[in-house]
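Written below as structure tokens is the structure these notes are about.
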Amino acid sequence: MDTFAEQLVKKNETSADKKRRIILILLGILLTIAMALLSFLQLDKPLLAFLGMILAAASGYGTYFIVQGTYIEYEYAFTNGDLDVAKIIAKKKRVEMLTVDVRTFSDFGKYNDEMEETKDMTVIFASDNIASHEYYADFNHQYYGKTRLVFVPDQNILECLTRSLPPKLRHKQQ
């Protein structure tokens, strides 16, 4: 019987994320206004004025594009023992982060900030930034090497993961 579960997790913004977005918006607005003003100062030279308006429009669109890229969600999909993690940017662009066979996990459990990470370990955060319900999974990945995934599975994903864990880890969860 096939096992499938899916979950979408919205990344909660920190105050630093909000400040960064505000700064990006303000810089973009200032650059757009500056380009438009320079364009109006060059009205006696139509080609330069036109070029200035194009640069102002490009600056405005670039600001919009960059700010939209700060809205992030993560998608977890569990299918027959494989966990796929994808990053969704601005609800438009989907970037595959990793796929891992749950049976290859070397460790799994609740995550806390005091956990040690070695220098050769790749840590992938696919979390909503609320530490109280984060889990971690350690495994060897073909591209990243020794890897730790930090994520926030819901009850359905957690049950599917637990059933597919290696026996030594499954007993640790009980």
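Across the chain, counting alpha-carbon atoms alone, Rg and Dmax equal 22.6, 79 Å. Mind checking the angle between helix 155-164 and the chain's longest principal axis? C-alpha axes, 0 to 90 degrees, to the nearest 10. That helix lies at roughly 50 degrees to the long axis.
Rolling a 1.4 Å sphere over the protein heavy atoms, what is the accessible area per residue of the chain, to the nearest Å²? Intermediate values should be presented prior to the final figure.
Values: 10940 Å² over 174 residues.
Each residue of the chain exposes 63 Å² on average to a 1.4 Å probe.
Net charge in the neighbourhood of Leu24 (other residues with Cβ under 12 Å of its Cβ; Lys, Arg +1, Asp, Glu -1) is +3. Over the Cα atoms of the stretch 104-174, the radius of gyration divided by the Kirkwood radius equals 0.94; this is the Rg/Rh ratio. Fully extending the segment from Thr99 to Ala16 would add 26.9 nm, taking 0.36 nm per residue of separation and subtracting the current Cα-Cα distance.
Place the peptides 67-76, 36-45, 113-122 in order of packing, highest mean first, counting for every residue the other Cβ atoms within 10 Å and averaging per peptide. Please report the intermediate quantities before stating the final value.
Values: 67-76: 16.7, 36-45: 13.1, 113-122: 9.0.
Ranked by mean Cβ neighbours within 10 Å, highest first: 67-76, 36-45, 113-122.
Can you grab the distance from the C-alpha centre of the stretch 111-137 to the C-alpha centre of the stretch 1-79, Å, no decimals? Taking the Cα centre of each part, the stretch 111-137 and the stretch 1-79 sit 29 Å apart. The angle separating the long axis of helix 15-41 from the principal Cα axis of greatest extent in the chain is about 20 degrees. Would you mind checking the tilt of helix 46-68 against the longest principal axis of the Cα atoms of the chain, expressed as 0 to 90 degrees and rounded to 10? Around 20 degrees separate the two axes.
Share of carbon and sulfur in the accessible area of the stretch 114-174 stands at 49%, probe radius 1.4 Å.
The values are calculated or read from the model by the stated rules, or taken from the named source; none is laboratory data. Fair warning: this is a prediction, and the values are worked out from it, not measured in the lab. Don't worry about glycine lacking a Cβ; one is built from the backbone with ideal geometry, like all the others, and counts go over all protein chains shown. Accessible surface areas use protein heavy atoms only, side chains included; no ligands, DNA or RNA. Shrake-Rupley method; radii C 1.70, N 1.55, O 1.52, S 1.80 Å.
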